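S.K.: Mind having a look at this structure? Questions to follow.
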Amino acid sequence: MPTTYAPKKISVCLVAVPETATGVLYGLYEVFSYVGSGWELLTGWPPGPRRFLPRIVASAREPFRNSVGLPISPDLSLAEAKRADIVIVADLAIGRDEDTRGRWPDLAVWLRRQHEQGALVCSVCTGSLLLAEAGLLDGEEATCHWAASDQIRSRYPAVRLRPERVLVSSGVEHRLVTSGGNASWTDLALYIVARFCGEDEARRTAKLFLFGDRSDGQAPFAARVRPPQHDDAAISAAQVWIADNYASPNPVAGMTTASGLTARTFKRRFETATGYAPLDYVQSLRMEEAKQMLEASDTPIEAVAEEVGYVEPAAFRRLFKRSTGISPLQYRQRFRHVVALDG
């Protein structure tokens, strides 16, 4: 029997020091833990590509409390974390009058070594101070929380600071990525997911965690949940047929024929097996296909409507907005590119 090899997990080292604020630290840990598996867990559809292995790394493995008393329990010490694919320094509780120069000598050495070995080294918010202290940002463009701009300019003048930006990549092979204020950690997470797993997985991650514009509620983020499994062979035959023929002008009639049942019996058994009325099932398939086309292409909206089975674009727009809460154009603008990289 041939051996099956599991895909390599992507090592993510989340750096923790006493100044680390735990909100971003644990947020990143949770997001990277669910990339790949979370979509299947919550929607029932097959999991996404390569999964990450997040671990908290500190000078020693002994648990400690941060500056406001919250517990941090490292998974690895610096000595144990030999080589990472990705290193992230979360935001630090640093006062504007605090001088951080010379504060983290062992960590600065470790960060430089990881970068030299090929790791993608990132920071969130005031975490840029630690990357600057390690000398990694000398001569490079970088961003940080706007309130830390003066600190970096005065203490690390070699950094080409761009505080107006939210996310900046720089350096050899763009292996230095800095993000702005605290909430920009979500932009960084999506950027990393897109870079290592593709934009489709980044979109799934954004939808799972509701990253991005939530002014229109949750509906734009919702995806079609996989219908329940059943053992009704006639209904399964109808589902197989509609999967390839959802754009048919008479989809319910086609499903009924494929099932071999009378119209009345088909409707009753379909609802029992799937939880959907037949027409609602068809429309959910069409809307999901339309979403994927809007996300992955620049196909005109009228052509998208026709491709998924709607002759009248106005009818498509109306049904799409009823399903998602926003227009097809708004949906495209929100999910065509979920990663807003500034440099």
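Computed from the coordinates by the stated procedures, all read-outs in this text should not be read as laboratory data. Here the structure is a predicted model, which means the values were calculated and not measured. Cβ sites come from the backbone with ideal geometry, for glycine too, and all protein chains shown count toward neighbours.
S.K.: Among THR256, PHE335, TYR310, which residue has its Cα positioned farthest towards the positive end of the charge dipole of the stretch 233-335, with +1 placed on the Cβ of Lys and Arg, -1 on the Cβ of Asp and Glu, and the dipole taken about the Cα centre?
M.R.: Going by the charge dipole, the pick is THR256.
S.K.: Each residue of the stretch 148-162 in order: what ³J(HN,Hα) in whole Hz does its phi give by Karplus 6.51 cos²θ - 1.76 cosθ + 1.60, θ = phi - 60°, with x for Gly and Pro?
M.R.: 9, 4, 5, 4, 5, 4, 7, 9, 10, x, 6, 6, 8, 6, 10
S.K.: Moving to a separate point now. Using a 10 Å cut-off around each Cβ, can you sort TRP146, TRP185 from fewest to most neighbouring Cβ atoms?
M.R.: If I rank by nearby Cβ atoms, fewest first, I get TRP146, TRP185.
S.K.: Where does each of 315-323, 283-291 land if you order them by average Cβ count within 10 Å, highest first?
M.R.: 283-291, 315-323
S.K.: Moving to a separate point now. In the stretch 129-238, which trypsin sites (Lys or Arg not before Pro) fall in coil by DSSP and have 14 or fewer other Cβ atoms within 10 Å?
M.R.: Of the trypsin sites (Lys or Arg not before Pro), the ones in loops of the stretch 129-238 whose Cβ has at most 14 other Cβ atoms within 10 Å are ARG214.
S.K.: Next up: In terms of modelled amide H atoms, which long-range or inter-chain residues lie less than 5 Å from the amide H of ALA93?
M.R.: THR20, ALA21
S.K.: Between PRO71, PRO328, PRO54, which gets the highest mean-square fluctuation from a Gaussian network model of the chain, Cα cutoff 10 Å?
M.R.: PRO71
S.K.: A 22 angstrom limit on the alpha carbon distance is what I want to check against. Which of LYS82/LYS207; LYS8/LYS82; LYS207/LYS291; LYS267/LYS291 exceed it?
M.R.: LYS82/LYS207; LYS267/LYS291
S.K.: Take the alpha carbon atoms of the stretch 96-126, find their center, do the same for the stretch 192-250, and report the distance between the two centers in whole angstrom.
M.R.: 40
S.K.: So if I restrict to the alpha-carbon atoms in the chain, what is the Rg, and what is Dmax, the biggest pairwise distance, in Å?
M.R.: Over the chain's Cα set, Rg and Dmax evaluate to 24.6, 79 Å.
S.K.: List the relative contact order of the chain as a percent without decimals, with contacts defined as Cα pairs under 8 Å and 6+ residues apart.
M.R.: Relative CO of the chain lands at 13 percent.
S.K.: Still on this structure: Name the residues whose placed amide hydrogens come within less than 5 Å of the amide hydrogen of SER11, ignoring near sequence neighbours (fewer than 5 apart) on the same chain.
M.R.: Under 5 Å from the amide H of SER11: LEU53, ASP85, ILE86.
S.K.: If you take the charge dipole of the stretch 144-249 about its Cα centre, with +1 on Lys and Arg Cβ and -1 on Asp and Glu Cβ, which of ASN245, GLY181, PRO220 is farthest toward its positive end?
M.R.: Working it through, the farthest residue towards the positive pole turns out to be GLY181.
S.K.: Next up: Gaussian network model of the chain, Cα springs within a sub-10 Å range: biggest mean-square fluctuation belongs to which of ALA206, ALA234, ALA81?
M.R.: Result for the chain, Cα springs under 10 Å: ALA234 fluctuates most.
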